[in-house]
1. From the list B:190, B:199, which residue is away from every other protein chain (no Cβ under 12 Å), free of Cβ contacts under 8 Å to residues at least 40 places away in the same chain and closer than 25 Å to residue B:62 by Cβ?
2. Among the residues of region B:207-225, how many are surrounded by 16 or more Cβ atoms within 10 Å (Cβ to Cβ) and closer than 24 Å to residue B:265 by Cβ?
3. Exactly one condition in (1) more than 22 Å from the chain's Cα centre (by Cα); (2) surrounded by fewer than 19 Cβ atoms within 10 Å (Cβ to Cβ); (3) not in a helix (DSSP H, G or I) is false for residue A:125; which is it?
4. Residue A:140: under 19 Å from the mean Cα position of the chain (by Cα) and within 25 Å of residue A:234 (Cβ to Cβ), yes or no?
5. Does region B:70-99 hold any residues that are within 15 Å of residue B:20 (Cβ to Cβ) and within 9 Å of chain A (Cβ to nearest Cβ), and which are they?
6. Would you kindly identify the helices (runs of 4 or more DSSP H) lying entirely within region A:187-297 that contain at least 3 residues that are more than 23 Å from residue A:138 (Cβ to Cβ) and within 14 Å of chain B (Cβ to nearest Cβ)?
């Protein structure tokens, strides 16, 4: 009867640990949403932040966050994709490849504040880009590349070897096999990888404080000239994101409603991350069905 | 292991105009040191099915995969593979062209996660065939040749993954013959299929015999005797016997062949 009793005890413990995890998660999410949601309003989303008075919004911070994310993904995705294809499809299994993999793993656990200071020294000072969106996007690219690369590599390695053999046996070149067979089959996994890393990028503050800056300039959303200093598209302007805004109002903010603003901003951050999580999943499934023809009637 | 002498007892030969493909002293080494195949010289007769039998690890699959250079990246293949008077085991051979002429079907059905149509047209399009009508025609011809047309003609644009294992394997055959190869290499094509699907697959192969030269690795000796004209027996990397199938099965010349046929090992 020992086996049965031990099994019961183990099961109870496993349930307890799962419950702890769920409680923590639900607690954090619940706290953020319950304190933040009541203060989320159209006014909050559509007005700019105020420096002294209560009642400011986060319009520019929201836009900046999304804009930075898009730029970061646009820069890091091609690089990560290329690196991942190399590692999974071309690299021989030797010490050089292993060194590259280890380096990527180490880089992916680099503290983001270190990435931020590195970005400050290299992009802001050395390249003279100043506190700007482009400096922030480049720093975030450094921050994002290792994780994105290993996520995509894993997705590619999940495609069975027999698929590659099938392509090669039909006289397709290596590249043609990768492009036409391996990549489409790995697409859902690749998208999941992008989303996971995008969530990290979207919520990142430390890497941006010293690169994209903590202050917003006046932005004109009707100015489509990306080279104009007031244009919302200008990548050379300093830009504060949602996560940096939360940090700022809580440290050096002098607005009277700092707690309300940071609670509402936190809730907004979480909601946006959840939205594009689901969005990307739906997109991935749709693309997969289209590419694999598994939806046609 | 003295009783397992590795001298061939009988290797059938063909005159050169009967041959579709032949090898001369083909040896395969893994990692530069582990030899899996020793000086195999075999000729394959045009428009016939040749079965390669032997225990696991006897080198028959290794041999088969060398014929269309699928072992290029994993092993060193020495010796000659003669196809149309040309040694295609030379490094300057365009393997992509070669593989269009020597198609291959694998042990586990491996259709692409695409539509049935796209499975067949993908390689054709990559090869430069853009004419929609021509493509449709090839799709129908290939599926008919693989005896799959009647089962799938109404769902060509549905996913190939929705087909049964047997249908998938016949689709893989259709996909291979769409490129109009002269030779089809089959690596235990029925080993993942149930008996009914296997019977269907064998019928398909028999029908294809008049148009293609086929070399088939099989574990199933009944299968070899049912559909092949010639059989080669592999043992520990050597070919010990190669003859007309009925001779190998009813009147094996070597003791090891006889023991294997009787099921004493393998």
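1. Numbers: B:199 fails: closer than 25 Å to residue B:62 by Cβ.
Only one candidate passes the filter, namely B:190.
2. 9
3. If we test residue A:125 against (1) more than 22 Å from the chain's Cα centre (by Cα); (2) surrounded by fewer than 19 Cβ atoms within 10 Å (Cβ to Cβ); (3) not in a helix (DSSP H, G or I), just (3) comes out false.
4. yes
5. B:98
6. Fully inside region A:187-297 and qualifying: A:258-292.
For (1) touching a strand residue (DSSP E or B) at 6+ places or on another chain (Cβ under 7 Å); (2) within 30 Å of residue A:177 (Cα to Cα); (3) surrounded by 12 or more Cβ atoms within 10 Å (Cβ to Cβ), each residue gets a yes or a no:
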site	(1), (2), (3)
A:6	no, no, no
A:17	no, no, no
A:21	no, no, no
A:27	no, no, no
A:36	no, no, yes
A:65	no, no, yes
A:95	no, yes, no
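Condition check ((1) more than 12 Å from every other protein chain (Cβ to nearest Cβ); (2) within 23 Å of residue A:186 (Cβ to Cβ); (3) out of contact with any strand residue (DSSP E or B) (no Cβ under 6 Å at 6 or more places or on another chain)) across all residues:
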site: B:109; (1), (2), (3): no, yes, yes
site: B:112; (1), (2), (3): no, yes, yes
site: B:133; (1), (2), (3): yes, no, yes
site: B:138; (1), (2), (3): yes, no, yes
site: B:145; (1), (2), (3): yes, no, yes
site: B:155; (1), (2), (3): no, no, yes
site: B:172; (1), (2), (3): no, yes, no
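The values are calculated or read from the model by the stated rules, or taken from the named source; none is laboratory data. The model shown is predicted, which means the values in this text are computed figures rather than measured ones. Cβ sites come from the backbone with ideal geometry, for glycine too, and all protein chains shown count toward neighbours.
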